[in-house]
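The values are calculated or read from the model by the stated rules, or taken from the named source; none is laboratory data. Bear in mind the structure is a predicted one, so any value in this text is a computation, not a measurement. Here the Cβ positions follow ideal geometry from the backbone for every residue, glycine too, while neighbour counts run over all protein chains shown.
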Amino acid sequence: MESKRYGMVIGLKEEDLAEYKRLHADAWPEVLARISACNIRNYAIYHRRFDDGKHYLFSYFEYVGDDFEADMAKMAADPNTQRWWDVCKPMQIPLEGRSEGEWWAEMEEVFYYQGG
């Protein structure tokens with residue numbers, strides 16, 4: 001079983017910040033169940049307004065499955081997830097320099113310390 005950490009970033013429209021936070025404070029149970037079913041654990045989203053005045057979201061999650069692409073395709077095909085994305089995507093501003101096919105831009109991990 002594969003285990004990999006992912007960090008991603010995307011912009012957020014300032015006028016949608018409060019609604020985005022409200023939605024995620026009460027995320028749909030069907031969407032959370034699909035996230036788990038697709039082998040994602042320890043999923044978190046952080047917000048920060050940078051010095052340029054723009055708002056950004058940073059997401060972190062751990063993938064514990066053995067076929068990331070297949071699990072992400074299963075998530076994308078889920079009708080509840082599609083409805084969730086239909087609500088959230090208009091609030092987001094994808095980075096111009098993201099890779100082909102990405103919505104959230106993947107970030108390179110440069111340091112990890114598990115401790116102990």
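The table below lists the values:
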| read-out | value |
| --- | --- |
| So Glu30, is it in contact with a helix residue (DSSP H, G or I) (Cβ under 6 Å, 6 or more places away or on another chain) and over 16 Å from Trp104 (Cα atoms) | yes |
| Criterion: touching a helix residue (DSSP H, G or I) at 6+ places or on another chain (Cβ under 8 Å) and aromatic (Phe, Trp, Tyr) - qualifying residue of Tyr112, Tyr63 | Tyr63 |
| Hey, Asp86 at pLDDT 95 or above, part of a helix (DSSP H, G or I) and either hydroxyl-bearing (Ser, Thr, Tyr) or surrounded by 15 or more Cβ atoms within 10 Å (Cβ to Cβ) (or both) or not | no |
| Residue match in the range 59-68 (condition: among the small types (Gly, Ala, Ser) and at pLDDT 95 or above) | yes |
| Subset of the range 67-83 [under 23 Å from Arg5 (Cβ atoms), assigned to a helix (DSSP H, G or I) and either of a type in the set (Asp, Glu) or in contact with a Phe, Trp or Tyr (Cβ under 7 Å, 6 or more places away or on another chain) (or both)] | Glu69, Asp71 |
| Segments classed as strands (runs of 3 or more DSSP E), wholly inside the range 1-66, with at least 1 members that are exposed (fewer than 11 other Cβ atoms within 10 Å of the Cβ) | 40-49 |
| Condition met for Ala105 (loosely packed, with under 15 Cβ neighbours inside 10 Å and among the aliphatic types (A, V, I, L, M)) | no |
| The lone exception for Arg98 - which of (1) loosely packed, with under 13 Cβ neighbours inside 10 Å; (2) within 22 Å of Arg5 (Cα to Cα); (3) without any contact (Cβ under 8 Å) to a residue 24 or more places away in the chain it fails | (1) |
| Selection status of Met72, touching an Asp or Glu at 6+ places or on another chain (Cβ under 8 Å), under 20 Å from Val87 (Cβ atoms) and surrounded by 11 or more Cβ atoms within 10 Å (Cβ to Cβ) | no |
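Rundown of residues vs (1) in contact (Cβ under 8 Å) with a residue 40 or more places away in the chain; (2) farther than 15 Å from Gln92 by Cβ, yes/no style:
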position	(1), (2)
Lys13	yes, no
Leu23	yes, no
Trp28	yes, yes
Cys38	no, yes
Asn42	no, yes
Ile45	no, no
Gly53	no, yes
Glu62	yes, yes
Asp66	yes, yes
